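Here is the structure we will look at, set down as structure tokens.
The values are calculated or read from the model by the stated rules, or taken from the named source; none is laboratory data. Note that this is a predicted model, so its numbers are computed, not measured. Counting neighbours? That spans all protein chains shown, and the Cβs are built from the backbone with ideal geometry, glycine included. For the accessible areas, the whole protein counts, side chains as well, though only heavy atoms, and no ligand, DNA or RNA atoms are used. Shrake-Rupley method; radii C 1.70, N 1.55, O 1.52, S 1.80 Å.
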Amino acid sequence: MRAGFIAIVGAPNVGKSTFLNEVLGFKLAITSDKPQTTRHRLLGVYNEPGLQAIFLDTPGLHQARRALNQRMVDTALAALQDVDAVLFMVEASHKGMTQGEEVARILEGTDKPAVLALNKIDLLPDKAALLPYLDKVASWASWTAYVPISALTGDGATLVLKELKALLPESNPLFPEDVITDLSERFLVSELIREKVFRLTGQEVPYSSAVTIDQFLEPGDESRPIAISATIHVERDSQKGIIIGKRGAMIKRIGTEARQDMETLLGHPVFLELFVRVEPKWSRSQKGLTKLGY
Ligand code: GDP
Ligand code: MG
């Protein structure tokens, strides 16, 4: 029996969170086609006979300018300290190679054994297209293995798990078998709302948005819905206008889609009420970050 901690790290948008969800068979981490969707360290526990892999999904490593981005990068780097092994992810593409080489340098400072996953191989025309990438990633660091994968289809995931298992210490499980995460339902619910903002709005709006849960009321009577009130915080009036949308169309859509995901997560009907507030420049100050849960 082996058990231990694995940090999933890499540039933004390479598919780290998608991979974690695929392995867990559960939507723990929100995902979108926009970079920097993940802002926290997310713990997810994968169990199979003889293995407990405790994954830490992390924000993408990037050049940070705002206080929020610096916090995100610090969170990802801190996760590296706490683990037995690293899963380093890059996109199997030309862009992925440039990005990956830069980010891989960060790992030079750590002594953790690392498996490299080349993700999104479903987008390649054929297997031969991988060959130049394999050569390239091999020159960055001494990976214990490199594995082509598709987080979207699950291709290669079993092999990644096998390679990671070899890097974990012999140990009894560190979490009870029925525990998937240490994250609260309240947090997961707030993330589902943030996901819809990331997926449904454009430009700078997702990056200026944060979600807080004002009320999470479980009914005494099982036949009634769980009542959740949440606030979407943005930084400017114009962003508030975009979140609300024409005659409230956008906020309605965010609410409907988030509520459906919440009902799947909680296994219970949900009544969701959303508010929008302007919190000027929250993403640029320590005070703003603390206030909104970062
Ligand atoms: P993260 O920022 O590294 O956590 O990346 P996400 O998991 O949020 O994924 C970023 C985007 O890449 C999303 O639109 C995913 O659907 C997409 N994606 C992730 N893995 C794959 C993959 O294997 N193939 C393809 N085609 N898209 C993927
Ligand atoms: Mg992510």
State whether the residues of region 182-194 include one that is among the polar types (S, T, N, Q), outside the structural domain of Pro132 (by TED's automatic domain parsing), modelled with pLDDT of 95 or more and closer than 20 Å to Leu51 by Cα.
-> no
Residues of region 181-215 being of a type in the set (A, V, I, L, M) and assigned to a helix (DSSP H, G or I), which ones?
-> Leu188, Val189, Leu192, Ile193, Val197, Leu200
Under 30 Å from Glu170 (Cα atoms), of a type in the set (S, T, N, Q), within 10 Å of ligand 1 (Cβ to nearest atom) and open to solvent by less than 10 Å² (accessible area, probe 1.4 Å) - does that describe any residue in region 56-66?
-> yes
Being touching a residue at least 40 places away in the same chain (Cβ under 8 Å), in a strand (DSSP E or B) and closer than 25 Å to Lys162 by Cα, is that true of even one residue in region 91-108?
-> yes
Looking at Gly245, is it without any contact (Cβ under 8 Å) to a residue 40 or more places away in the chain, surrounded by 15 or more Cβ atoms within 10 Å (Cβ to Cβ) and farther than 22 Å from Glu48 by Cα?
-> yes
How about region 258-294: which of its residues are in a loop (DSSP other than H, G, I, E, B) and closer than 22 Å to Asp221 by Cβ?
-> Gly267, His268, Pro269
So which residues in region 38-55 are under 9 Å from the mean Cα position of the chain (by Cα), open to solvent by less than 40 Å² (accessible area, probe 1.4 Å) and more than 9 Å from ligand 1 (Cβ to nearest atom), if there are any at all?
-> Arg39, Leu42
In region 67-98, how many are open to solvent by 50 Å² or more (accessible area, probe 1.4 Å) and either acidic (Asp, Glu) or within 13 Å of ligand 1 (Cβ to nearest atom) (or both)?
-> 4
Test: residue in region 20-37 that is near ligand 2 (Cβ under 10 Å from one of its atoms), more than 20 Å from Ser209 (Cβ to Cβ), open to solvent by less than 10 Å² (accessible area, probe 1.4 Å) and not in a loop (DSSP other than H, G, I, E, B) = yes
Do you know which residues across region 41-71 are more than 10 Å from ligand 2 (Cβ to nearest atom) and either basic (Lys, Arg) or in a loop (DSSP other than H, G, I, E, B) (or both)?
-> Arg41, Pro49, Gly50, Leu61, His62, Gln63, Ala64, Arg65, Arg66, Arg71
Does Asp84 meet the test of being within 22 Å of Ala114 (Cβ to Cβ), within 11 Å of ligand 2 (Cβ to nearest atom) and among the charged types (D, E, K, R)?
-> no
Which listed residue is under 18 Å from the mean Cα position of the chain (by Cα), in contact (Cβ under 8 Å) with a residue 40 or more places away in the chain and within 28 Å of Leu174 (Cα to Cα), from Ser32, Ser17 = Ser17
Asp178 vs. criteria open to solvent by 20 Å² or more (accessible area, probe 1.4 Å), in the same structural domain as Ala117 (by TED's automatic domain parsing) and of a type in the set (Asp, Glu) | no
Examine region 253-270 for a residue that is over 26 Å from Arg224 (Cα atoms), more than 24 Å from the chain's Cα centre (by Cα) and in contact (Cβ under 8 Å) with a residue 12 or more places away in the chain, and state whether such a residue exists.
-> no
Hey, Leu107 within 18 Å of Leu56 (Cα to Cα) and not assigned by TED's automatic domain parsing to the domain that holds Leu56 or not | no
Filter region 24-37 down to the residues that are hydrophobic (A, V, I, L, M, F, W, C) and under 16 Å from Leu192 (Cα atoms), then identify the one that is farthest from ligand 1 (Cβ to nearest atom).
-> Phe26
